[in-house]
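So that we are looking at the same thing, I have put the structure below in structure tokens.
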Amino acid sequence: MYDKTVRRRRAVLGLLVACSVGLLTLYFGESVGGGLHSVQRGFLTIVSPIQEGASRALKPARDLFGWFGDTFDAKDERDRLRRDLQASRREAIANRAAAREADALRKLVGLNKQLALEEMDPVVTRVIGRSPTVWYSTINVDKGSSAGVRRGQPVVTGDGLIGKVTTVTRGASQVTLITDHTSGVSAKVTESGISGVVKPAVGDPSDLLLESIRRGDRIDKGQRVVTAGSRSSRLESLFPGGIPIGVVTEVDDTELDVNQRVHVRPFAQLRRLEFVQILRKPDTEPSA
Amino acid sequence: MIARFAALVAIAGLVEIVAVSQFPVFGANATLAPLVVMAVGLVAGASAGALTGFAMGLFLDLALVQTLGVSSLLLVGIGHGAGRLRELRNPQGALLPLAAGAAATTLFTVGYAVIQFLLGVDAPVSLLLLRDIVSTIVVNALIAAPVFALTRRWLTPVLPDDPRRRRRRAYTTGGLSPLSRA
């Protein structure tokens, strides 16, 4: 009895395994249009309406289940998008800063070509500090005596003159801007050649004053003011001639004064300095 | 009796195709076929388990347009193995469905992957396949107990009376055990 049971069980197993292997072999070996494939398609034709009906009936449950999954996915996606947004913002800020730097450097190159400043051995330097006062009268830059910087050398940006070097260390320097109350630059109006001295307007860092202009000299709004350069071999100017300083915005003509006061708006953006250029020639420091 | 088995195969197959396969749990889908076949083997014996496995595998391969014979071969082995386990050991622990379900799913998923490799795979295979297999085993282990209970409830009325079950029933209803009778 036991042997019969065992034999029957083994026979069933053997038969089923043989059928499975046979089906697999036949199915794998035949083409898509073969007999077994046709049977499969026929079975699918019968079962598919039942599948469709059951699928429709279970749709509410599927949607509810999917809602939970979608909620978890949405939270993950939200966190990922927040991280992407922060990274994009950082990248955008860095790109804007890089664009500003590139623009400033491009202007410096343009100024060098325009005024042939290459003969003055310019060196580009980065602004690393500013004076904390509202007048923005001094800045610190990252080049010093080791780079050939000396006291008194003129400093320009791509827009024009900004000041001169007043303090030098081995690796850094301080630049006094043209808006500092100690500053004075020999300048002239390009259209008429009238000369004067550009000094800051105390209390207003965006206004320079071209002084020592006689009342009879005609100066109009919109005329450009540039450095005058050396006009006498005995009194050499620190600043080479022709460097843009600013544009005339107003002319004060007071009857009681001998001289007229000309207001000049500086070209250089003194509040937003990134890169400046120090003109290292002549390579001698002025007398104190 | 055959009608019950056939209905079980058809219903379980349909539920797997239209429902279970579309409810992913932690990224993995459960698969009812090995659990049902394992349950039939544990309840009804090796031959019943093997026949149910063959029928279930054939049903799934036909309905899902898969290579015929692959699922049948694997489920025949699972059903027969579960039945032999019942005949030899007759395990009764509460964790039996969980352990047997996990083992059956492991055999089915790993075996299916091996056969697919043997038949030749044209596309590159990612190591994430291993993650999918493990996830499926875990999910199946979690649902093995209710599937086993439902299958046993469905088949018990048509199964022949098991003398071992009759002796156990006697003890629970307060009848005398052989020890006390002796």
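The values are calculated or read from the model by the stated rules, or taken from the named source; none is laboratory data. In this text, all values refer to a predicted model and were calculated from it rather than measured experimentally. Here the Cβ is made from the backbone with ideal geometry for all residues, glycine too, and neighbour counts use every protein chain on show. Just the protein is used for accessible areas: all its heavy atoms, side chains included, with ligands, DNA and RNA removed. Shrake-Rupley method; radii C 1.70, N 1.55, O 1.52, S 1.80 Å.
Just one of A:A87, A:A92, A:A104, A:A98 is at pLDDT below 85 and either within 29 Å of the chain's Cα centre (by Cα) or assigned to a helix (DSSP H, G or I) (or both); which is it? Quick ask: steps written out before the conclusion?
Details: A:A87 fails: at pLDDT below 85; A:A92 fails: at pLDDT below 85; A:A98 fails: at pLDDT below 85.
Unique residue meeting the criteria: A:A104.
Quick one: in the stretch B:21-41, of everything that is at pLDDT below 90 and open to solvent by less than 30 Å² (accessible area, probe 1.4 Å), which residue is farthest from the other protein chains (Cβ to nearest Cβ)?
Going residue by residue through the stretch B:21-41, those that are at pLDDT below 90 are B:21-32.
Then drop every residue that is not open to solvent by less than 30 Å² (accessible area, probe 1.4 Å), which leaves B:28, B:30-32.
On the way: B:A28: 12, B:A30: 12, B:T31: 17, B:L32: 14 Å.
Here the answer is B:T31.
While we're here: Consider the stretch A:143-165. How many of its residues are open to solvent by 10 Å² or more (accessible area, probe 1.4 Å) and either outside any loop (DSSP other than H, G, I, E, B) or of a type in the set (F, W, Y) (or both)?
Number satisfying all stated conditions: 4.
From B:G101, B:G81, grab the single residue that is more than 9 Å from chain A (Cβ to nearest Cβ) and closer than 21 Å to A:C19 by Cα. I'd like the intermediate steps shown before the answer.
Values: B:G101 fails: closer than 21 Å to A:C19 by Cα.
One residue alone meets the criteria, B:G81.
Assuming A:S287 fulfils every condition listed in (1) surrounded by fewer than 12 Cβ atoms within 10 Å (Cβ to Cβ); (2) modelled with pLDDT of 75 or more apart from one, which condition is it?
Just one mismatch for A:S287, condition (2).
Taking the stated definitions as given, is B:G53 crowded, with 16+ Cβ neighbours inside 10 Å, within 8 Å of chain A (Cβ to nearest Cβ) and assigned to a helix (DSSP H, G or I)?
Details: crowded, with 16+ Cβ neighbours inside 10 Å: yes; within 8 Å of chain A (Cβ to nearest Cβ): yes; assigned to a helix (DSSP H, G or I): yes.
Yes; evaluated as a whole, the condition is true for this residue.
Please name all residue pairs, on different chains or six or more residues apart, with Cβ atoms under 6 Å, provided the first residue is in the stretch A:64-77 and is acidic (D, E) and the second residue is exposed (fewer than 10 other Cβ atoms within 10 Å of the Cβ).
Going by the 6 Å Cβ cut-off, there are no qualifying pairs.
Name every residue in the stretch A:61-117 that is open to solvent by 90 Å² or more (accessible area, probe 1.4 Å), within 14 Å of another protein chain (Cβ to nearest Cβ) and of a type in the set (D, E), in order of residue number.
A:D70, A:D73, A:D76, listed by residue number.
Does at least one position in the stretch A:95-106 carry a residue that is hydrophobic (A, V, I, L, M, F, W, C) and within 30 Å of A:H181 (Cβ to Cβ)?
Within the stretch A:95-106, one or more residues are hydrophobic (A, V, I, L, M, F, W, C) and within 30 Å of A:H181 (Cβ to Cβ).
If you scan the stretch A:27-37, which residues turn out to be in a helix (DSSP H, G or I), open to solvent by 50 Å² or more (accessible area, probe 1.4 Å) and either closer than 13 Å to B:Q66 by Cα or facing chain B (nearest Cβ under 7 Å) (or both)?
A:F28
If you take the residues of the stretch B:64-75 that are surrounded by fewer than 21 Cβ atoms within 10 Å (Cβ to Cβ) and at the interface with another protein chain (Cβ under 7 Å from one of its Cβ atoms), which of them is nearest to B:G49 (Cα to Cα)?
Checking each candidate, the answer is B:T67.
Something else: On the given criteria, is B:L14 more than 27 Å from A:A61 (Cα to Cα) and facing chain A (nearest Cβ under 7 Å)? Talk me through it step by step, then tell me what you get.
Numbers: more than 27 Å from A:A61 (Cα to Cα): no; facing chain A (nearest Cβ under 7 Å): yes.
It is false that B:L14 is more than 27 Å from A:A61 (Cα to Cα) and facing chain A (nearest Cβ under 7 Å).
Now a separate question. Tell me whether the stretch B:104-114 contains one or more residues that are open to solvent by 40 Å² or more (accessible area, probe 1.4 Å) and within 14 Å of chain A (Cβ to nearest Cβ). First the steps, then the outcome.
Taking the stretch B:104-114 as the starting set, the residues that turn out to be open to solvent by 40 Å² or more (accessible area, probe 1.4 Å) are B:106-107, B:110, B:112, B:114.
With within 14 Å of chain A (Cβ to nearest Cβ) added as a condition, the list becomes B:112, B:114.
Yes: the stretch B:104-114 contains one or more residues that are open to solvent by 40 Å² or more (accessible area, probe 1.4 Å) and within 14 Å of chain A (Cβ to nearest Cβ).
Turning to a different aspect of this structure: Looking at the stretch A:42-59, which of the residues that are within 15 Å of B:L58 (Cα to Cα) and either within 8 Å of chain B (Cβ to nearest Cβ) or within 59 Å of the chain's Cα centre (by Cα) (or both) is least open to solvent (accessible area, probe 1.4 Å)?
Out of the qualifying residues, it is A:V47.
What is the residue count in the stretch B:79-98 for residues that are in a helix (DSSP H, G or I) and without any contact (Cβ under 8 Å) to a residue 12 or more places away in the chain?
In the first step, residues of the stretch B:79-98 are kept if they are in a helix (DSSP H, G or I); the result is B:79-88, B:96-98.
When the remaining residues are screened for being without any contact (Cβ under 8 Å) to a residue 12 or more places away in the chain, the result is B:88.
Looking only at that region, the number is 1.
Mind listing whichever residues of the stretch A:264-281 are over 17 Å from the mean Cα position of the chain (by Cα) and open to solvent by less than 50 Å² (accessible area, probe 1.4 Å)?
Across the stretch A:264-281, the qualifying residues are A:V264, A:P266, A:A268, A:L270, A:Q277, A:I278, A:L279, A:R280.
A follow-up question, please. Name the pairs whose Cβ atoms lie under 8 Å apart, with the first residue in the stretch B:54-72 and over 14 Å from B:M38 (Cα atoms) and at pLDDT 90 or above, the second open to solvent by less than 30 Å² (accessible area, probe 1.4 Å) and not in a helix (DSSP H, G or I), and 6 or more positions between them or separate chains?
Sorted first by the residue in the stretch B:54-72, then by its partner, the pairs are B:L58/B:L68.
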